[in-house]
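So that we are looking at the same thing, I have put the structure below in structure tokens.
Read-outs throughout are calculated quantities, based only on the coordinates presented, and are distinct from any laboratory measurement. As the structure is a prediction and not an experimental result, all values here were calculated from the model. Positions of Cβ are backbone-derived with ideal geometry, glycine not excepted, and every protein chain shown enters the neighbour counts.
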Amino acid sequence: MTARKCPVCGKAILRAPDDVRPFCSPSCKLADLGRWLDGSYRIAGPPLEIENESFAVMPSKEDS
Ligand SMILES: [Zn+2]
């Protein structure tokens with residue numbers, strides 16, 4: 001069997017808990033998630049923000 005390499009830090013993954021796969025550790029999993037949030041990965045498709053804007057223009061009467 002060949003050891004897998006962590007896509008974040010490049011270390012060979014010898015033993016990793018199932019919940020951090022395919023990364024070597026929780027910190028690498030978080031680092032990868034951070035890249036998603038940064039926008040390093042772009043997902044093709046319509047921006048979801050448009051739906052939020054329609055909510056923004058609706059007057060909220062619950063405050064008053
Ligand atoms: Zn790693």
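Testing the spin-label approximation: label points 7 Å from Cα along Cα→Cβ at K61 and L30. State their distance in nm.
4.5 nm
Within a Cβ distance under 15 Å of D18, other residues only, what is the Lys/Arg minus Asp/Glu net charge?
Overall, the nearby charge balance is +3.
Can you give me the long-range amide H partners of I13? Hydrogens built in the peptide plane at 1.01 Å from N, cutoff under 5 Å, separation of 5 or more residues or another chain.
Those lying under 5 Å, H to H, from I13 are R4, K5, C6.
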